[in-house]
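Visitor: Can you keep this structure in mind? I'll have questions shortly.
The values are calculated or read from the model by the stated rules, or taken from the named source; none is laboratory data. For clarity, every value in this text was computed on a predicted model and none was experimentally measured. Positions of Cβ are generated from backbone atoms using ideal geometry, with glycine treated the same way; all protein chains shown enter the neighbour counts.
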């Protein structure tokens, strides 16, 4: 294993977070590809993929709900864990960090809106 | 009720008026020119975040970064005389900001700290068992290196600023004068110009700071002390065997020595000594101590003939690090005591950028929007001095030192146990948490109770002794 990697190494098929678990951190993908699995246990469906630079698990920063989806490595991946405490401390004194998070959430909402519109259009057709 | 509403309206109106007055005179507007003196992390962070903020509010400004050095040069030419540690919290925050340190910039991911004392050593693992501390070269690398497959950290950050639109001018700024109420820079080759804002992001030894002190704007550079930084060549395999992916810190009973660290990089290890006016005598005493010799191969001749230097480092903050159209960031402003200088460069650089874009560039704007960030670091440094006094006390007293080692070793070897001492030492060494947080934890009843229990165990030799920590740091 190279010594100049940051983050934690995940083997293919290894889970970073599991739906239903309690969480108090978010994550940044440093390298590799991961899949996001949603749905009932035993009948999970891939609802998205994550690649370098993507963040996930940010909902744990704002609410005490359990993880809403499972994230699993598709190939070898390095993922950096971001502590809730460190982030909240920074957000308190740095509005840009909060702005970045809001931007990410906006992008995600826009994508979901697009998907919802497509689904409705398909249903109506 | 009506009376209160009226008062609120009046207050809001007065505030808006006051803000409006300033906005008309000293605000960055489209076409404003900004000079950043110094292209180290503080200058690059400032430029990067200012351009990012400006983009968000549709503001078009020009930034010239004046930096005579080339950070990709090997040896002293590109060196910034620094241990080169990007702290755990900064790695996380940079990732949030979209700055992911590439592998060729990270010389080594640090996964543990090994604490060496006169009574033994203990390994402290990262709290989340993940590499979140980056060892980097600020410049191109040590003298004598060639064909390296790594990149300078400072050059990487400078490239990020350039990518956002900043321009780098490899010129030495020699003087600054006021022309028509604006700062005018003069370079050694006759180049220069007038700017709407001048950002001083130099090291604390820069001669230009004499000029600013003499200008009577209230600026006074931070107090400094001498440190020691040296590179030792190990080779990749030997480095993995002897130091591994752990940073080695030394709390030895050597007068005037506050803290020492050996930081593994790619094929070299960087040694940093911090304390009270470090000199050759102290360096030699340290290098010849048995605990330090254990970190080198048995037959190695440890000498300081390699790339080394005695840089001056900040041990305080500047007074009034701003004036009309001038702001001092990073080392020339304020930095964290002994730790996380790159983190302080990030915080002051970003705070100044936000102040300039969202507030303005007058002294009053910086007082309102930038000074709080500096004051927070200064206040934390004051608390840090108390934490370091406690640390010195434990270093000097054998009983306390053994208690600290015992408590840490037990915490490290017992899964699920509350890691009081480990987390305090981890944050103290890594600079990951403010000194204020560390101090609070040191004063918590559970920590004190655990410390007392371990003290009794050491005094009366009872309780389970921790397994001896062996010198097996490799992967």
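Visitor: Just to check your reading of the model, which residue among B:116, B:129 is over 30 Å from residue B:63 (Cα atoms) and buried (at least 20 other Cβ atoms within 10 Å of the Cβ)?
Guide: Details: B:129 fails: buried (at least 20 other Cβ atoms within 10 Å of the Cβ).
It is B:116.
Visitor: Does region B:158-165 contain at least one residue that is surrounded by 24 or more Cβ atoms within 10 Å (Cβ to Cβ) and either more than 23 Å from residue B:199 (Cβ to Cβ) or more than 18 Å from the chain's Cα centre (by Cα) (or both)?
Guide: yes
Visitor: When you scan region A:53-68, how many residues do you find that are at the interface with chain B (Cβ under 9 Å from one of its Cβ atoms) and not in a loop (DSSP other than H, G, I, E, B)?
Guide: Of the residues in region A:53-68, the ones at the interface with chain B (Cβ under 9 Å from one of its Cβ atoms) are A:53, A:55.
Now restrict to residues that are not in a loop (DSSP other than H, G, I, E, B): A:55.
Residues meeting the conditions: 1.
Visitor: Can you list the helices (runs of 4 or more DSSP H) found entirely within region B:383-460 that contain at least 1 residues being more than 29 Å from residue B:315 (Cβ to Cβ), in contact with a helix residue (DSSP H, G or I) (Cβ under 6 Å, 6 or more places away or on another chain) and modelled with pLDDT of 85 or more?
Guide: It comes to B:398-413, B:445-460.
Yes/no matrix, rows are residues, columns are (1) at pLDDT 90 or above; (2) within 30 Å of residue B:269 (Cα to Cα); (3) not in a strand (DSSP E or B):
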residue: A:5; (1), (2), (3): no, yes, yes
residue: A:9; (1), (2), (3): yes, yes, no
residue: A:20; (1), (2), (3): no, no, yes
residue: A:47; (1), (2), (3): no, no, no
residue: A:81; (1), (2), (3): yes, yes, no
residue: A:90; (1), (2), (3): no, no, yes
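Visitor: Kindly check whether there is at least one residue in region B:67-77 that is closer than 24 Å to residue A:97 by Cβ and at pLDDT below 95. Steps first, answer last, please.
Guide: Going residue by residue through region B:67-77, those that are closer than 24 Å to residue A:97 by Cβ are none.
Checked against the condition, which is being closer than 24 Å to residue A:97 by Cβ and at pLDDT below 95, region B:67-77 yields no hits at all.
Visitor: Continuing with this model, one more query. How many residues, within region A:29-45, are within 14 Å of another protein chain (Cβ to nearest Cβ) and outside any strand (DSSP E or B)?
Guide: Of the residues in that region, 1 qualify.
Visitor: Before we move on, is residue B:186 more than 24 Å from residue B:133 (Cβ to Cβ) and either in a strand (DSSP E or B) or within 14 Å of another protein chain (Cβ to nearest Cβ) (or both)?
Guide: So residue B:186 fits the description; yes.
Visitor: Find the residue count for region B:213-257, including only residues that are closer than 30 Å to residue A:4 by Cβ and out of contact with any helix residue (DSSP H, G or I) (no Cβ under 7 Å at 6 or more places or on another chain).
Guide: 20
Visitor: So which residues in region B:208-231 are over 20 Å from the mean Cα position of the chain (by Cα) and either under 30 Å from residue B:30 (Cβ atoms) or modelled with pLDDT under 85 (or both)?
Guide: B:208, B:212, B:215, B:216, B:217, B:219
Visitor: Here's something else I'd like to know. Which one is nearest to the other protein chains (Cβ to nearest Cβ) among residues in region A:82-94 that are buried (at least 18 other Cβ atoms within 10 Å of the Cβ) and in contact (Cβ under 8 Å) with a residue 40 or more places away in the chain?
Guide: Taking the candidates together, the pick is A:82.
Visitor: What is the residue count in region B:235-256 for residues that are buried (at least 23 other Cβ atoms within 10 Å of the Cβ) and away from chain A (no Cβ under 14 Å)?
Guide: Here the count works out to 3.
Visitor: Pick out the one residue from A:97, A:79, A:71 that is within 14 Å of chain B (Cβ to nearest Cβ), surrounded by 13 or more Cβ atoms within 10 Å (Cβ to Cβ) and touching a strand residue (DSSP E or B) at 6+ places or on another chain (Cβ under 7 Å).
Guide: Matching residue, one of A:97, A:79, A:71: A:79.
Visitor: Filter region B:143-156 down to the residues that are away from chain A (no Cβ under 14 Å), out of contact with any helix residue (DSSP H, G or I) (no Cβ under 6 Å at 6 or more places or on another chain) and at pLDDT below 75 and list them by number.
Guide: Matches in region B:143-156: B:144, B:145, B:146, B:147.
Visitor: While we're looking at this one, here's another question. Out of the strands (runs of 3 or more DSSP E) lying entirely within region B:264-380, which hold 2 or more residues that are without any contact (Cβ under 8 Å) to a residue 60 or more places away in the chain and surrounded by 18 or more Cβ atoms within 10 Å (Cβ to Cβ)?
Guide: Of the strands (runs of 3 or more DSSP E) lying wholly inside region B:264-380, those with at least 2 residues that are without any contact (Cβ under 8 Å) to a residue 60 or more places away in the chain and surrounded by 18 or more Cβ atoms within 10 Å (Cβ to Cβ) span B:268-275.
Visitor: May I pose another question? Only residues that are closer than 11 Å to residue B:246 by Cβ and either at the interface with chain A (Cβ under 10 Å from one of its Cβ atoms) or outside any strand (DSSP E or B) (or both): list them for region B:110-130, please.
Guide: Scanning region B:110-130 gives B:110, B:111, B:126.
Visitor: Something else about it: Would you call residue B:58 modelled with pLDDT of 90 or more and either in contact with a strand residue (DSSP E or B) (Cβ under 7 Å, 6 or more places away or on another chain) or at the interface with another protein chain (Cβ under 10 Å from one of its Cβ atoms) (or both)? Please lay out each step first, then the result.
Guide: Numbers: modelled with pLDDT of 90 or more: yes; either in contact with a strand residue (DSSP E or B) (Cβ under 7 Å, 6 or more places away or on another chain) or at the interface with another protein chain (Cβ under 10 Å from one of its Cβ atoms) (or both): no.
Spelling it out, it is not the case that residue B:58 is modelled with pLDDT of 90 or more and either in contact with a strand residue (DSSP E or B) (Cβ under 7 Å, 6 or more places away or on another chain) or at the interface with another protein chain (Cβ under 10 Å from one of its Cβ atoms) (or both).
Yes/no per residue for (1) surrounded by 10 or more Cβ atoms within 10 Å (Cβ to Cβ); (2) more than 14 Å from chain B (Cβ to nearest Cβ); (3) in contact with a helix residue (DSSP H, G or I) (Cβ under 9 Å, 6 or more places away or on another chain):
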| site | (1), (2), (3) |
| --- | --- |
| A:101 | yes, no, yes |
| A:104 | yes, no, no |
| A:107 | yes, no, no |
| A:117 | yes, yes, no |
| A:123 | no, yes, no |
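Visitor: Continuing with the same structure: Residue check: is residue B:88 buried (at least 24 other Cβ atoms within 10 Å of the Cβ), touching a strand residue (DSSP E or B) at 6+ places or on another chain (Cβ under 6 Å) and facing chain A (nearest Cβ under 9 Å)? Quick ask: steps written out before the conclusion?
Guide: Values: buried (at least 24 other Cβ atoms within 10 Å of the Cβ): yes; touching a strand residue (DSSP E or B) at 6+ places or on another chain (Cβ under 6 Å): yes; facing chain A (nearest Cβ under 9 Å): yes.
In short, yes.
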